[in-house]
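The next block holds one structure in the form of structure tokens; read it before the comments.
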């Protein structure tokens, strides 16, 4: 049958979501069209039948693409065809990908590709959740092994009420924006930002999202019964049991020595030596370890090294609360902080926590610094953004830096969200701000180090933040019902653990959150304890940061551009700009400033010299409105005549000081009192209907005749 269309419907947050299958892309392993109020996302699944030779990891790729035709738009710029993914698309790929991974069965190594394409979108449509729901649906009904069902939901809090899957417009008025992923029984992923909400409110929002996800899981159960395929058989790539048992007996003592080393590079070198020792032992007695003479002993040694360290580290934590080098489970590593470390930068800081170190630099400017983005939702401009870089030398690798990868984009986005929520409003602080975070060392949560360093650099620059922001990364070791939550995890603890939970905020509440699982989710009880433990650590880090800087500097540093604003009537915007921009260009060039005129008549003037900013504002206002009667200005004598002197009260705008308005006595010769180029204080007496300005020196302070 060419068309075997079936639809499954669900009221999801007050909106009807339709999951359709059987009509489109039928050669894929699974394909669904997910629709909601005119927004439609086509999601397809492809999974290889065979495992690639030598494959030792699960190759999952999630792709997300917004087609501009979906919104009836053309791409901006020269290229009119969708090309490489935007940062926003990459972030959505990561959001879909991360909660899926722990639900694939252990040892499944077949290459798997999920593609989500936005093919129709309404002005208020939000396709991100639909793409995630489509991925979950494809895995549920396909023959690909997957321990689902699972689902995704966005959560907002508007007017004190939790809302499921708000529109993009509604999120502008929300206290928080969360994406939650979960199965029927557990939370798999959380990511989002908030206006400094409490741990209690954050947990309530996550539980709300998870509760609604269970409804979607029920829909997938129904789909699986009606259109689902039988899951394919596969041979899991399991460790050699005989090898691992012998390895635990022979190499545990050496592994404990490795785990006792605190310094990362020394531990890494010891791990390398440990691996070589195992390789030689395997090569010398292959039969003892269940191997043959033609085994790749280097590859097997790497597996053994990882497995032995994995088991011992986890056992030490669960049974003795003893981490690598004996650190307690709740202890934050030593912290060092500095500010103003870069001489010519608007604001800078250096944050070091253990062996994680981040240098942050802040640049402050005006409209020319805004980051433009083009998407199916339209063109927009970011006035605050953060760039995160983690070059290979930060982890001791001898590699060239080949540009920003997906991981860096994701880590930078999390740090940006954390700091953005503590930034002042554009009304109070009308600047464009860029934060650049350079990871110089990394051994556990450089993204949270970037939050701390970025916060201090912003305060060093004089940005009036809501409050200092700090971040912490938490981990989890769980075996059955037994578990331990780890504060401030190392890179090895992240690699060998079950959870990566990052949380950032001020002393008053949470501004950003991200949680990823390597197991099939966690309970609300564990999540609640992790939130409480993370808060304790966050407050400790804020205390350490406060020893160096606790609030923003009262003023900008020398050389930092400043903005002043004034208002004109909208019908005078044309006069300010002038024919072909002639007038505003002259003002900008003569005073070395940048002027930005908004449609409502708000004019922002940016420059380094505050005096020049004040002068150009005064001139512009007088060009449009004339001088104020009775106001006193500092003027420049430009021309002397028999009947008086012409004085520029601002460059290009002159008034006449009549001979009777120079001194108290009678003035016969103006040259006896004034000189061209002389600066004098003048008062505006009158502006006639022709725009001629009458000024007085005598009304401010009479001039005395020059001494002969």
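The values are calculated or read from the model by the stated rules, or taken from the named source; none is laboratory data. What you are looking at is a predicted structure, and each value in this text was computed from that prediction instead of being measured. Backbone-built Cβ (ideal geometry, glycine too); neighbour counts: all protein chains shown.
Listed by position, the strands (runs of 3 or more DSSP E) contained in the stretch 370-455 that have at least 1 residues being out of contact with any helix residue (DSSP H, G or I) (no Cβ under 7 Å at 6 or more places or on another chain) and more than 28 Å from residue 63 (Cβ to Cβ) are 432-441.
Scanning the stretch 277-316 for residues that are surrounded by fewer than 15 Cβ atoms within 10 Å (Cβ to Cβ) and without any contact (Cβ under 8 Å) to a residue 24 or more places away in the chain gives 280, 284, 285, 287, 292, 293, 294, 296, 298, 315. Is the stretch 56-65 home to any residue that is touching a helix residue (DSSP H, G or I) at 6+ places or on another chain (Cβ under 9 Å) and farther than 30 Å from residue 237 by Cα? Yes. If the condition is being within 23 Å of residue 532 (Cβ to Cβ) and over 18 Å from the mean Cα position of the chain (by Cα), then the stretch 147-196 contributes 155, 157, 162, 181, 182, 185, 186, 187, 188.
Yes/no per residue for (1) in contact with a helix residue (DSSP H, G or I) (Cβ under 9 Å, 6 or more places away or on another chain); (2) free of Cβ contacts under 8 Å to residues at least 24 places away in the same chain; (3) more than 30 Å from residue 468 (Cβ to Cβ):
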| residue | (1), (2), (3) |
| --- | --- |
| 553 | yes, no, no |
| 557 | yes, no, no |
| 586 | no, yes, yes |
| 599 | yes, no, yes |
| 603 | yes, no, yes |
| 608 | no, no, no |
| 629 | no, no, yes |
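Yes/no matrix, rows are residues, columns are (1) buried (at least 18 other Cβ atoms within 10 Å of the Cβ); (2) assigned to a strand (DSSP E or B); (3) in contact with a helix residue (DSSP H, G or I) (Cβ under 8 Å, 6 or more places away or on another chain):
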site	(1), (2), (3)
11	no, yes, no
46	yes, yes, no
75	no, no, yes
107	no, no, no
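Checking 176, 130 one by one, the residue that is more than 24 Å from residue 421 (Cα to Cα) and surrounded by 22 or more Cβ atoms within 10 Å (Cβ to Cβ) is 130 and no other.
So how many residues does the stretch 206-221 have that are touching a helix residue (DSSP H, G or I) at 6+ places or on another chain (Cβ under 9 Å) and farther than 12 Å from residue 190 by Cβ? Of the residues in that region, 5 qualify.
A count restricted to the stretch 636-679 and to residues that are in contact (Cβ under 8 Å) with a residue 40 or more places away in the chain and surrounded by 20 or more Cβ atoms within 10 Å (Cβ to Cβ) stands at 6.
Of all the residues in the stretch 328-367, those that are without any contact (Cβ under 8 Å) to a residue 60 or more places away in the chain and over 30 Å from residue 608 (Cα atoms) number 3.
Table: residues versus (1) assigned by TED's automatic domain parsing to the domain that holds residue 462; (2) buried (at least 18 other Cβ atoms within 10 Å of the Cβ).
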position	(1), (2)
529	yes, no
551	no, no
566	no, no
571	no, no
576	no, yes
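So residue 352 passes all but one of these: (1) closer than 21 Å to residue 548 by Cβ; (2) assigned to a loop (DSSP other than H, G, I, E, B). Which condition number does it fail? All conditions are met except number (2).
I'm trying to understand the selection: among the residues of the stretch 608-629, which are more than 27 Å from residue 687 (Cα to Cα) and touching a strand residue (DSSP E or B) at 6+ places or on another chain (Cβ under 7 Å)? Answer for the stretch 608-629, where residues must be more than 27 Å from residue 687 (Cα to Cα) and touching a strand residue (DSSP E or B) at 6+ places or on another chain (Cβ under 7 Å): just 610.
The criterion of at least 1 residues that are modelled with pLDDT of 90 or more and more than 22 Å from the chain's Cα centre (by Cα) is met, among strands (runs of 3 or more DSSP E) falling completely within the stretch 462-526, by 470-479, 482-487. A single entry from 657, 680 fulfils the requirement of being part of a strand (DSSP E or B) and under 54 Å from the mean Cα position of the chain (by Cα): 680. The residue of the stretch 257-274 that is farthest from residue 315 (Cα to Cα), among those that are in a helix (DSSP H, G or I) and in contact (Cβ under 8 Å) with a residue 60 or more places away in the chain, is 265. Against the definition (in contact with a strand residue (DSSP E or B) (Cβ under 7 Å, 6 or more places away or on another chain), assigned to a strand (DSSP E or B) and loosely packed, with under 15 Cβ neighbours inside 10 Å), how does residue 42 come out, yes or no? Here the answer is no, as residue 42 does not meet what is asked. Among the candidates 101, 94, single out the residue that is in contact (Cβ under 8 Å) with a residue 12 or more places away in the chain, closer than 30 Å to residue 295 by Cβ and within 27 Å of the chain's Cα centre (by Cα). Testing whether each residue is in contact (Cβ under 8 Å) with a residue 12 or more places away in the chain, closer than 30 Å to residue 295 by Cβ and within 27 Å of the chain's Cα centre (by Cα) leaves just 101.
The set of residues in the stretch 223-238 being surrounded by 14 or more Cβ atoms within 10 Å (Cβ to Cβ) and touching a helix residue (DSSP H, G or I) at 6+ places or on another chain (Cβ under 9 Å) consists of 223, 224, 227, 228.
Table: residues versus (1) within 27 Å of the chain's Cα centre (by Cα); (2) in contact (Cβ under 8 Å) with a residue 12 or more places away in the chain; (3) more than 23 Å from residue 155 (Cα to Cα).
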| residue | (1), (2), (3) |
| --- | --- |
| 6 | no, yes, yes |
| 10 | no, yes, no |
| 31 | no, yes, yes |
| 45 | no, yes, yes |
| 53 | no, no, yes |
| 72 | no, no, yes |
| 80 | no, no, yes |
| 90 | yes, yes, no |
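Restricting 49, 84 to residues that are outside the structural domain of residue 375 (by TED's automatic domain parsing) and either within 24 Å of residue 519 (Cα to Cα) or free of Cβ contacts under 8 Å to residues at least 40 places away in the same chain (or both) narrows the list to 84. Picking from residues in the stretch 236-256 that are assigned to a helix (DSSP H, G or I) and within 39 Å of the chain's Cα centre (by Cα), the one that is nearest to residue 299 (Cα to Cα) is 255.
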